1. Given the condition of a type in the set (G, A, S) and part of a strand (DSSP E or B), answer yes or no: does some residue in the range 430-450 qualify?
2. Condition check: free of Cβ contacts under 8 Å to residues at least 60 places away in the same chain and under 35 Å from the mean Cα position of the chain (by Cα). Does R490 satisfy that?
3. What number of residues within the range 115-147 satisfy the criterion of being over 23 Å from the mean Cα position of the chain (by Cα), over 23 Å from V232 (Cβ atoms) and among the small types (G, A, S)?
4. Just to be sure I understand, how many residues within the range 333-370 are hydrophobic (A, V, I, L, M, F, W, C) and over 19 Å from the mean Cα position of the chain (by Cα)?
5. Can you tell me which residue in the range 252-270 is nearest to the chain's Cα centre (by Cα), limited to those that are within 20 Å of Q234 (Cα to Cα) and touching a residue at least 60 places away in the same chain (Cβ under 8 Å)?
6. Please verify whether the range 402-419 includes one or more residues that are surrounded by fewer than 24 Cβ atoms within 10 Å (Cβ to Cβ), assigned to a helix (DSSP H, G or I) and touching a residue at least 12 places away in the same chain (Cβ under 8 Å).
7. Could you please find all residues in the range 204-225 being hydroxyl-bearing (S, T, Y), over 24 Å from G194 (Cβ atoms) and part of a helix (DSSP H, G or I)?
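The values are calculated or read from the model by the stated rules, or taken from the named source; none is laboratory data. Here the structure is a predicted model, which is why all the values come from computation and not from measurement. For neighbour counting, all protein chains shown are included, and Cβ atoms are generated from backbone atoms with ideal geometry for every residue, glycine included.
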Amino acid sequence: MNESRRGPIFRFFKGLWDAVNFSRRLVFNLLFVALVVLVAGLFASGDGARPLAARTTLVVAPEGRLVEQYSSDPASRALARMYGDRGAGEVQLRDLLRAFDAAAKDKRIERVLLRTDALAFQGYASVREVAAALRKLRASGKQVVAFGEGFDQWQYLLAAQADEVYLDPMGGLLLEGLGRYRQYYREGLQDKLGVDVHLFRVGEYKSAAEPYILDAASPESKEADLYWMNDVWQRYVADVARARGIEPAQVAAGIDGAPEGIEAAGGDIAQYALRQKLIDGLKTAQEIDDLMAERGVADDSAADGFREIDLAGYLQHVDRGIEAVDERPEVAIVVAEGEITGGEQPPGTIGGESTSALLRAARDDDAVRAVVLRVNSPGGEVFASEQVRREVVALKDAGKPVVVSMGDLAASGGYWIGMNADRIYADPSTITGSIGIFGLVPTLPRALDKIGVHTDGVGTTPLAGAFDITRPLDPRVGTVIQAVIEKGYRDFTGRVAKARGRSVEQVDAVARGRVWSGAQARERGLVDGFGGIDEAVADAAQRAKLGKPERYQVRYLEGGTTPFARFFSRFAESRAGAALLRGSGLGETMLARALPRGSEDLRFLQDALQARTGGVPVKALAYCFCGP
């Protein structure tokens, strides 16, 4: 039928449908074109790296926590950087080390401007490792200038390695010393809430769970803590003195006399730091920019007025030199950072299965000839620790050397996983040891009584329902748990004795849960040598007979990211992607979802309530609440 002969109502709806259909195709076509333009812009922008000219100043101003490996995915990191969220930021230790190493050999880099006042540290050993890299950089002839609007004592130790250290006139620098104070929950849990916490342990120095059963630190805990802290602090003072060319006694006197000295300086902390020769002068950020322009190459088009490149941009240039295909044999580095727990865990946590899988992959990869296990962990679950240790043994049995490199902390379970390595390296200020086992069983009948709730019933045996936390703990069950903990301690000390070629009695004498500095641990045979990741890699390569460094490659073996995460990371860092995400609420929403939630004070106690599969429903823990 001819449409002209149809009624006006038909023609109206027909025209309306055609309009809707046209609009639909138009919208989808426009979205498609926009997507094509966006992707084209993304790849046209490339990696954002501009040509690196001669006489460039490398500006190293990292923001966030210094970590062994990222704990978040690339997309989340890109969003955090885009929105300038310092608290969520992370800086990989390896990135700082390779940037300084590359800059020392790069003729285009004239000097380094170092800003550490937005960098957070988790321990002293990693600070000393970066400080050593800075000293090598200076030894290459490159000038290093440090500036900060304020320094804490860890940030200052890095800044002190520079040729010149400047502080903002309104800034602060106060060296305080080391302290370790914790909250104790016994009164709150037991007297106020009616929660009884039963602790089973071996070793009078195993103080990790004391806050749940005491109102203050035990004498043994204070004795052990002060022993290793004094060792670490004396080394800190010596490091500062050496970096600044003054006597350790002068540094110590300045710290002890700070109250009177600051008062004499009219309350001006910056002036007091200058008088103590901890810094070379007081300058504002603008004056530092002017100084860099004067010494380097002035550039009005640059944000700070001088020819510069930041850390991220410089690492892009460094990475360009990496060959796409490298058939040289490998030394693989597996990072074991964070608490040790069972199963598959994300980066930043050691998983009994996930970390073991990485070590197994290294064993199965013919290109990998040796492995460095980089440990930065307070420990955790015994069984998960044992899973990782077994993979270290399997690597050695396969003929592949394993060398452990301890970071800031490798204590308790963190020591367990690496005890069988061919050699263990630590910094003199690494925190290690804490060889001991404990278990926690909270029970709640008194707490429930307070609200009129009571538990009752029957069981076929005395053990039936004995681990129900709403019932009082049967003393016979306590006997079982203590026996399990003591067996775990015998396993721990026995394995250490076998791995370290010592008697069980010798190991027990330095174990019992006591914490040591790296230097103290070496004196007691728990550590073989001093050094960082570079020394561990060189040792592993030598054991595998790989020859000179240029004849082998070093590769971090980590869990892969998804294709989408890699795409989104690149997209968010591009100019087009950053503009789109910043202009919408999408970026804020995704960032908020990606940021980790703050852990609660009693999370550790809550974790102890989670029953494990099989065996006694109490976790044996090899954990250390230690660290500066």
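1. Yes, that holds for at least one residue.
2. Criteria met by R490.
3. 3
4. Looking only at that region, the number is 7.
5. So, considering only residues that are within 20 Å of Q234 (Cα to Cα) and touching a residue at least 60 places away in the same chain (Cβ under 8 Å), the one nearest to the chain's Cα centre (by Cα) is I255.
6. There is no residue in the range 402-419 that is surrounded by fewer than 24 Cβ atoms within 10 Å (Cβ to Cβ), assigned to a helix (DSSP H, G or I) and touching a residue at least 12 places away in the same chain (Cβ under 8 Å).
7. If the condition is that a residue be hydroxyl-bearing (S, T, Y), over 24 Å from G194 (Cβ atoms) and part of a helix (DSSP H, G or I), then S221 is the only one that fits.
Yes/no matrix, rows are residues, columns are (1) within 30 Å of R180 (Cβ to Cβ); (2) out of contact with any Cys (no Cβ under 7 Å at 6 or more places or on another chain); (3) not hydrophobic (A, V, I, L, M, F, W, C):
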residue	(1), (2), (3)
A411	yes, no, no
P428	yes, yes, yes
F467	no, yes, no
L473	no, yes, no
